[in-house]
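What follows is a short report on a single structure.
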Amino acid sequence: MKYIFVTGGVVSSLGKGLAAASLGTLLEHRGQKVILQKFDPYLNIDPGTMNPYEHGEVYVLDDGAETDLDLGHYERFTSTNLSRLNNLTSGQVYQSVLKKERDGDYLGGTVQVIPHVTNEIKERIRKVAREMPGDIIITEIGGTVGDIEGLPFLEAIRQFAQDVGPENVLFIHTTLIIYMRAAGELKTKPTQQSIAKLREIGISPGIILCRTELPLDHDVKDKISLFCNVSPDAVIEARDVKNSIYEVPLKLHEEKLDDLVCKLLNIQAPQPDLTRWRQFVQRVINPIQHVRIGVVGKYIELQDAYKSIYEALVHAGASHDTKIDIVKVDSEHIEKEGAARHLAGMQGILVPGGFGDRGIEGKIAACRYAREQRIPYFGICLGMQIAIIEFARNVCKLEAANSTEFDKTTPHPVVSLLEEQRHVTTVGGSMRLGSWVTDLVAGTKAFELYHSATITERHRHRYEFNAAYKTQMEESGLVISGMSPDGLLAEMIELRDHPFFVACQFHPEFLSKPNHPHQIFHGFVKAALQQHTKK
Ligand code: GLN
């Protein structure tokens with residue numbers, strides 16, 4: 001087993017996750033079995049309890065782990081199926097160490113960061129190596145070198161390299177080369193200093209990945225090479241890509257990153273065949289048509305809050321040679337100014353997942369607009385609950401129908417707490433999470449989209465369609481197209497007399513991949529394109 005550790009310096013948001021994922025893609029295309037994982041230095045056990053402003057999207061795995069959104073990049077860029085072992089936080093490390101202390105496992109010793117915390121981190125890496133067999137584990141260390149909270153992780157990976165032999169370990173440092181417009185120059189000093197900081201801890205990066213707006217000329221590369229103790233060909237230019245994040249692996253391949261990694265780790269692997277990846281990128285950057293999709297949410301200004309949904313739209317768009325013009329609509333603006341003002345001209349409307357009552361009425365108005373104007377509608381999780389509320393209020397005439405999440409005293413709780421959630425008192429990791437099977441009903445749109453009678457999708461919710469209203473809603477024309485195998489939970493709904501009105505209680509966006517767009521996204525974009533033709 002070979003180990004690659006990716007650190008970051010100078011600033012945050014350098015795209016370390018994308019760099020790690022892209023390297024994963026390249027090595028996988030060279031026939032290597034790659035596992036990716038992330039270490040996050042914050043004290044939360046997982047990001048599940050953080051709000052999107054703090055953290056962006058919470059990415060959910062098959063086993064129900066709520067993880068950092070970088071794991072989404074890892075799964076989209078490679079074929080690895082990750083588990084809760086692959087996202088370690090300081091919170092988990094300390095939780096485990098403190099439990100061992102209470103259990104008396106340290107036999108009266110003083111419990112310290114070194115060795116107890118660092119051992120815990122190293123043991124996790126070994127556990128992943130044992131339980132997820134592969135050729136290479138790529139570990140991204142969250143945060144920026146120099147952060148106090150990241151130190152135990154850096155110390156642990158330094159020790160780890162000694163334990164398994166430095167020839168089996170490669171440190172890649174991602175950094176920012178700053179362009180000073182006034183001086184017309186690329187500045188390498190912050191990079192030199194962040195590498196000095198790493199070397200102070202005992203880590204010498206073998207490769208320096210330089211994020212830069214402008215090309216790095218020889219002088220700059222030589223300077224970094226000289227000051228940072230690597231050969232000039234180990235100074236890799238990672239210039240901002242213009243069109244699509246999926247270009248990153250191709251650019252890094254041109255820069256010979258994968259060759260260098262194989263050389264430094266002594267991996268014998270054939271050159272990658274990137275034809276299909278290239279074709280995908282071509283379809284993304286040279287579309288033959290456009291489609292306008294309105295995404296109605298409450299964290300709409302945050303690029304990261306609906307990350308996987310935006311990516312799934314890109315994948316589905318590419319499969320139709322279509323650029324998706326995503327129009328981000330704040331549901332509170334719809335509340336103030338009406339749906340038509342913000343949604344007229346959309347060829348499709350998507351309401352994503354969410355929590356809490358802010359902006360809910362705007363989402364309901366958006367859903368009503370899609371239903372009445374016969375615009376393709378795609379509701380995900382909360383977006384399905386919204387569709388149920390809207391249908392109950394405006395078609396079944398159940399006035400003030402609502403979810404008990406937003407109105408505890410509604411006369412018509414058409415969406416209510418899952419039975420298993422009624423006694424849950426803790427917030428963290430306690431929703432209905434991870435992969436669950438859904439049985440699809442033959443003859444429905446859902447069945448047609450999936451070509452299958454059973455599907456498995458990832459979930460993250462506490463509320464559900466209240467079965468007490470099922471018959472009444474069905475009699476008014478709502479179709480329940482997917483149910484949990486025990487027949488208790490509605491997992492998918494749709495409308496018959498509508499070009500495309502499909503909603504699901506699960507999160508299909510987590511399973512979409514570049515060359516395998518998710519079936520519902522694929523069908524939704526297709527319907528939106530037909531809407532265009534009709535207009
Ligand atoms: N807030 C809703 C629930 O808990 C929807 C969750 C979601 O959209 N992920 O059921």
Query - Which listed residue is assigned to a helix (DSSP H, G or I), among the polar types (S, T, N, Q) and surrounded by fewer than 19 Cβ atoms within 10 Å (Cβ to Cβ), from Asn119, Asn81 - result: Asn119
Requested in this report: Please go through the range 93-114 and pick out each residue that is touching a helix residue (DSSP H, G or I) at 6+ places or on another chain (Cβ under 8 Å) and of a type in the set (S, T, N, Q).
Outcome: Ser96
Query raised in the report: Out of (1) crowded, with 20+ Cβ neighbours inside 10 Å; (2) more than 13 Å from the ligand (Cβ to nearest atom); (3) within 21 Å of Val58 (Cα to Cα), what's the single condition that is false for Gly428?
Result: (1)
Report summary line: Quick count over the range 357-381, residues being free of Cβ contacts under 8 Å to residues at least 40 places away in the same chain and of a type outside the set (Ser, Thr, Tyr), is 7
Requested in this report: Collect the residues in the range 461-472 that are more than 16 Å from the ligand (Cβ to nearest atom) and either β-branched (Val, Ile, Thr) or in a loop (DSSP other than H, G, I, E, B) (or both), keeping them in residue-number order.
Outcome: Thr471
**Report entry** Contacts under 8 angstrom Cβ, first residue in the range 445-460 being more than 10 Å from Ile520 (Cα to Cα) and part of a strand (DSSP E or B), partner open to solvent by 30 Å² or more (accessible area, probe 1.4 Å) and more than 16 Å from the ligand (Cβ to nearest atom), 6 or more apart
**Finding:** Thr454/Val437; Thr454/Asp439; Thr454/Pro485; Ile455/Val437; Thr456/Val437; Arg458/Asp62
Requested in this report: Give the number of residues within the range 197-242 that are under 28 Å from Ile148 (Cβ atoms) and of a type in the set (Asp, Glu).
Outcome: 1
Query raised in the report: If you go through the range 86-98 one residue at a time, do you hit one that is hydroxyl-bearing (Ser, Thr, Tyr), out of contact with any Leu (no Cβ under 8 Å at 6 or more places or on another chain) and farther than 30 Å from Ile245 by Cβ?
Result: yes
Query raised in the report: Quick one: Gln37 ticks every box in (1) open to solvent by 10 Å² or more (accessible area, probe 1.4 Å); (2) more than 22 Å from Tyr306 (Cβ to Cβ); (3) at pLDDT 95 or above bar one, so which box is it?
Result: (1)
Query raised in the report: If we keep just the residues of the range 5-52 that are assigned to a loop (DSSP other than H, G, I, E, B), over 25 Å from Arg199 (Cα atoms) and among the aliphatic types (A, V, I, L, M), which is farthest from the chain's Cα centre (by Cα)?
Result: Leu43
Report task. Mind listing whichever residues of the range 317-360 are more than 15 Å from the ligand (Cβ to nearest atom) and acidic (Asp, Glu)? Result -> Asp321, Asp325, Asp330, Glu332, Glu335, Glu337
Requested in this report: Name the single residue, out of those in the range 432-444 being over 10 Å from Met492 (Cα atoms) and touching a residue at least 60 places away in the same chain (Cβ under 8 Å), that is most open to solvent (accessible area, probe 1.4 Å).
Outcome: Trp436
Query raised in the report: Got a sec? Which of Val437, Val441, Val415, Val427 is β-branched (Val, Ile, Thr) and modelled with pLDDT under 95?
Result: Val427
**Report entry** Filter result for the condition that a residue is surrounded by 16 or more Cβ atoms within 10 Å (Cβ to Cβ) and of a type in the set (A, V, I, L, M), over Leu198, Leu214
**Finding:** Leu198
Query - Scope the range 126-162; condition in a helix (DSSP H, G or I), touching a Lys or Arg at 6+ places or on another chain (Cβ under 7 Å) and more than 18 Å from Lys16 (Cβ to Cβ); matching residues - result: Gln159, Phe160
Report task. From Leu418, Leu382, grab the single residue that is in contact with a Gly (Cβ under 8 Å, 6 or more places away or on another chain) and within 12 Å of the ligand (Cβ to nearest atom). Result -> Leu382
Query raised in the report: Out of curiosity, is Ile364 out of contact with any Asp or Glu (no Cβ under 9 Å at 6 or more places or on another chain), within 16 Å of the ligand (Cβ to nearest atom) and either closer than 26 Å to Gln472 by Cα or open to solvent by less than 20 Å² (accessible area, probe 1.4 Å) (or both)?
Result: no
Report task. Take Asp103 and decide whether it is of a type in the set (Asp, Glu), under 30 Å from Ser430 (Cβ atoms), within 14 Å of the chain's Cα centre (by Cα) and open to solvent by 10 Å² or more (accessible area, probe 1.4 Å). Result -> no
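The values are calculated or read from the model by the stated rules, or taken from the named source; none is laboratory data. From a predicted model like this one, the values you see are computed outputs, not experimental measurements. Neighbour counts are summed over all protein chains in view; Cβ atoms, including those assigned to glycine, are modelled from backbone coordinates with ideal geometry. Surface accessibility is based on the protein's heavy atoms, side chains included, excluding ligands, DNA and RNA. Shrake-Rupley method; radii C 1.70, N 1.55, O 1.52, S 1.80 Å.
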